[in-house]
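Novice: Quick one: this structure, given as structure tokens, is what I'll be asking you about.
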Amino acid sequence: MEFWVIDRWEGDLAVCHSEEGKRLEILRERFPENTAEGTWFQIMDNGQALPSSEETKKRQEYAKNLRKCLLLR
């Protein structure tokens, strides 16, 4: 299953991007309450968004390490 990330909220819409660069807008009601920007998730067969704390943490750690590498150059 494909992972997506919430780039930003625009009113009742989450503007999301896939790993492949696809863009998608999803209604806020499809997410659990208090889902934040930067959250990685999968879209279930019923259309609901299922946030993945494991995937989000993994991606945040990768970005943190990448920033460190770039700053050391």
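FYI, it's all coordinate maths here, none of it is from the lab. What you are looking at is a predicted structure, and each value in this text was computed from that prediction instead of being measured. FYI the Cβ positions are ideal-geometry reconstructions off the backbone, even for glycines, and counts take in every protein chain you see.
Novice: Nearest 10 degrees is fine. How inclined is helix 53-71 to the longest principal axis of the chain, computing both from alpha carbons?
Specialist: Compared with the principal axis, the helix lies near 30 degrees.
Novice: Right, something else. Take peptides 65-72, 42-49 and line them up by average Cβ neighbours within 10 Å, highest first, as a rough protection proxy. Spell out each step's value before the answer.
Specialist: Values: 65-72: 8.6, 42-49: 12.5.
Packing order, densest peptide first, comes out as 42-49, 65-72.
Novice: Could you compute Rg(Cα) / (2.2 N^0.38 Å) for the chain, with N its residue count? Write down the numbers at each step before the final one.
Specialist: On the way: Rg = 13.3 Å, N = 73, 2.2 N^0.38 = 11.2 Å.
Relative to the 2.2 N^0.38 Å estimate, the chain comes out at 1.19.
Novice: So if each residue of separation counts as 0.36 nm, and I subtract the Cα-Cα distance between residue 66 and residue 27, what length gain in nm does that give?
Specialist: Details: separation 39, 0.36 × 39 = 14.04 nm, distance 3.13 nm.
Gain on extension, residue 66 to residue 27, equals 10.9 nm.
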